[in-house]
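The values are calculated or read from the model by the stated rules, or taken from the named source; none is laboratory data. Computed from a prediction, not measured in an experiment: that's the story for all the values here. Don't worry about glycine lacking a Cβ; one is built from the backbone with ideal geometry, like all the others, and counts go over all protein chains shown. Heads up: the accessible areas ignore ligands, DNA and RNA and are worked out on the full protein's heavy atoms, side chains in. Shrake-Rupley method; radii C 1.70, N 1.55, O 1.52, S 1.80 Å.
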Amino acid sequence: TCKVNFPDPNKLHYFQLTVTPDEGYYQGGRFQFETEVPDAYNMVPPKVKCLTRIWHPNITETGEICL
């Protein structure tokens, strides 16, 4: 289950995403991410950060996504 939140409705390039898995290893967890899509998007990728402390091989201790 996912929920998108726009803290400032005038800035559609910045939003927060809450993911609540219904199954699997992370079932029952609630994980928050913030996403900022740059003006140069399509040539520059969005910046995504995990705000919830989690152990995952693709997320650093400070929340940066490593893909």
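Whenever you get a sec, compute what percent of the accessible area on the chain sits on carbon and sulfur atoms (1.4 Å probe).
Working: 2990 of 5490 Å².
Solvent-exposed carbon and sulfur of the chain make up 55 percent of the total.
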If ligands, DNA and RNA are left out, what is the accessible area of V4 with a 1.4 Å probe, given in Å² to the nearest 10? 80
Nonlocal amide H pairs with L51, under 5 Å, H built at 1.01 Å: Q32, F33, E34
Binning at 10 angstrom from zero up to the longest distance, how are the C-alpha pair distances of the chain distributed in percent? 20, 46, 29, 5
What nm distance separates the two modelled labels at T35 and V4, each placed 7 Å from Cα along Cα→Cβ? 0.7
For L17 the rounded accessible area (nearest 10 Å², probe 1.4 Å, non-protein molecules ignored) is 50
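To the nearest 0.05, how large is the calculated FRET efficiency for H13 and N58 if R₀ is 35 Å and r is the Cβ-Cβ distance?
Working: r = 23 Å, r/R0 = 0.66.
Using R0 = 35 Å, I get an efficiency of 0.90.
Under a 1.4 Å probe, what is the accessible area of the stretch 2-50 per residue, stated in Å²? Before the final figure, lay out the partial values.
Details: 3910 Å² over 49 residues.
Per-residue accessible area for the stretch 2-50 comes out at 80 Å².
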What percent do you get for the relative contact order of the stretch 2-50 when only Cα pairs under 8 Å and 6+ apart count? 27
